[in-house]
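Notes for the one structure printed next.
The values are calculated or read from the model by the stated rules, or taken from the named source; none is laboratory data. Note that the coordinates shown come from a computational prediction; the quantities given were computed from them, not determined experimentally. Note: ideal-geometry Cβ built from the backbone for every residue, glycine included; neighbour counts use all protein chains shown. In case anyone asks, the SASA skips ligands and DNA or RNA and just uses the protein heavy atoms, side chains included. Shrake-Rupley method; radii C 1.70, N 1.55, O 1.52, S 1.80 Å.
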Amino acid sequence: MSLELVHAGKVRELYDAGNEMLLMVASDRISAFDVILAEPIPEKGRVLTAMTIHWLDLLADVAPSHLVSADPAALPAGAADLGGAAGLDAVAGRAMLVRKAEMLPLECIVRGYLVGSGWAEYRQSGTLHGTPLPAGLQQAERLPEPLFTPSTKATEGHDVNISFDDAVDLVGKEIAEQARDISVEAYRRAAAAAESHGIIVADTKFELGLIDGRLALCDEVLTPDSSRFWPADEWKPGSSPPSFDKQPVRDWLEETGWDKKPPPPALPAEVVAATSARYVTAYERISGKSLADWYGPAR
Ligand SMILES: Nc1ncnc2c1ncn2[C@@H]1O[C@H](COP(=O)(O)OP(=O)(O)OP(=O)(O)O)[C@@H](O)[C@H]1O
Ligand SMILES: [Mg+2]
């Protein structure tokens with residue numbers, strides 16, 4: 001029985017697995033400057049999936065999650081047909097069986113550092129998602145406290161940063177407060193754990209949904225695609241630190257003088273290899289585990 005594709009994102013595919021469940025398959029595709037590159041990054045899909053499971057384990061007492069299993073033996077029969085001749089091996093380690101949730105129409109972003117669109121807003125108006133911040137903060141500076149800075153989930157175009165009161169208007173006070181508390185606590189725990197391994201989690205985006213009437217952590221959790229990871233020893237307020245995972249790609253693309261409009265230039269093999277190694281290192285440093293011990297064959 002083949003599984004029905006219900007959604008194809010930039011990086012992942014989502015299939016209906018029956019019984020109110022979904023199969024999420026993370027590919028090796030990578031985007032840089034909002035454009036998907038033609039060359040896959042070997043191991044990226046396994047890293048994204050392994051990292052999500054690592055964090056969900058660590059955060060199990062902060063909130064329930066949508067995870068059923070990432071064990072290939074527990075996947076629905078149709079999973080083996082997704083990868084053609086390679087069978088289950090093609091998706092093992094990249095696929096995750098989850099419970100279908102009623103997703104909140106919010107991106108639950110938590111920022112511990114002032115960077116990206118947050119830095120842009122602060123520079124212009126001294127606020128972060130409408131909340132005033134102390135004067136004189138520098139780019140990439142650590143915030144006094146991590147802040148819940150939600151945005152809308154735009155189906156087209158860019159998500160819009162909103163205030164907490166806007167989030168209350170969207171989902172109601174009780175759910176907005178719960179979403180904030182879960183997100184901030186999950187960020188705090190993860191940031192502390194990563195910091196002890198020399199990695200800063202500058203910010204991250206959670207997606208929460210209701211399962212059996214309770215808010216649960218859904219989607220991917222604290223991966224390089226949903227978070228900014230920085231090597232702690234290269235962090236210096238005043239400039240944006242390199243990204244732990246994507247820096248070789250970004251540096252190379254900048255050097256080519258590409259205008260950041262599709263089609264992107266083809267990545268040389270050594271840039272692909274360096275980036276793949278960075279993803280694997282990010283997982284192994286953060287989790288203290290070896291990717292070789294994760295499901296699926298090395299790619
Ligand atoms: N347990 C769940 N139940 C229902 N929907 C979920 C669940 N977990 C995640 N989702 C949704 O599945 C979709 C996953 O899509 P994905 O992240 O691959 O692509 P996207 O968000 O459309 O685009 P992008 O590539 O920019 O992330 C998201 O809309 C997410 O909110
Ligand atoms: Mg997404």
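Remarks
- When only alpha carbons of the chain are considered, Rg and Dmax amount to 19.0, 60 Å.
- Long-range amide H partners of residue 139 with built H, under 5 Å: 238
- For the chain, the longest site-free run once GluC sites (Glu not before Pro) in DSSP loop states with at most 13 other Cβ atoms within 10 Å are removed: 157-299
- Using a probe of 1.4 Å, the accessible surface attributed to residue 289 totals some 90 Å² when neighbouring protein chains are kept in position.
- What the phi angles of the stretch 161-170 give under the Karplus curve with 6.51, -1.76 and 1.60, with θ = phi - 60°, is a coupling list of 5, 10, 8, 4, 4, 5, 5, 4, 4, 7 Hz, glycine and proline written as x.
- Inter-label distance for residue 127 and residue 189, nm, one decimal - labels placed 7 Å from Cα along Cα-to-Cβ: 3.3
- Size of electric dipole in the chain: Cβ of Lys, Arg +1 and of Asp, Glu -1, about Cα centre, debye, nearest 20: 440
- The listed residues 46, 123, 12 rank as 123, 12, 46 when sorted by accessible area, largest first, using a 1.4 Å probe.
- For residue 39, the residues whose amide H sits under 5 Å from its own are 267, ignoring neighbours fewer than 5 places away on the same chain, with H placed 1.01 Å from N.
- Mean sequence separation of contacting Cα pairs (under 8 Å, at least six apart), scaled by the length of the stretch 147-299, corresponds to a relative contact order of 13 percent.
- Residue 158 - accessible surface, heavy atoms, 1.4 Å probe, Å² rounded to 10: 140
- Shown in residue order for the stretch 243-253 are the 3J(HN,Hα) couplings computed by the Karplus curve 6.51 cos²θ - 1.76 cosθ + 1.60 at θ = phi - 60°: 7, 4, 9, 9, 4, x, 5, 4, 4, 5, 4 Hz (x for Gly and Pro).
- If you sort the three axes of the alpha carbon gyration tensor as a ≥ b ≥ c, you get a/c of 1.5 or more for the stretch 192-266 and a/b no higher than b/c, which makes it oblate.
- Helix-only CD estimate at 222 nm, as mean residue ellipticity for the chain, using -39500 (n - 2.57) per DSSP H run (n ≥ 4): -9000 deg cm²/dmol
- Exposure ranking of 246, 261 by accessible area [1.4 Å probe, largest first]: 261, 246
- Ligands, DNA and RNA left out, the accessible area of the chain computed with a 1.4 Å probe is 50% carbon and sulfur.
- Ranked order, 2, 65, 226 - accessible area, probe 1.4 Å, largest first: 2, 65, 226
- Volume per residue for the stretch 66-198 equals 171 cubic angstrom (convex hull of Cα atoms).
- In this structure, the residue pairs whose Cα-Cα separation is over 24 Å, taken from 10/100; 44/236; 10/246; 44/289, are 44/236.
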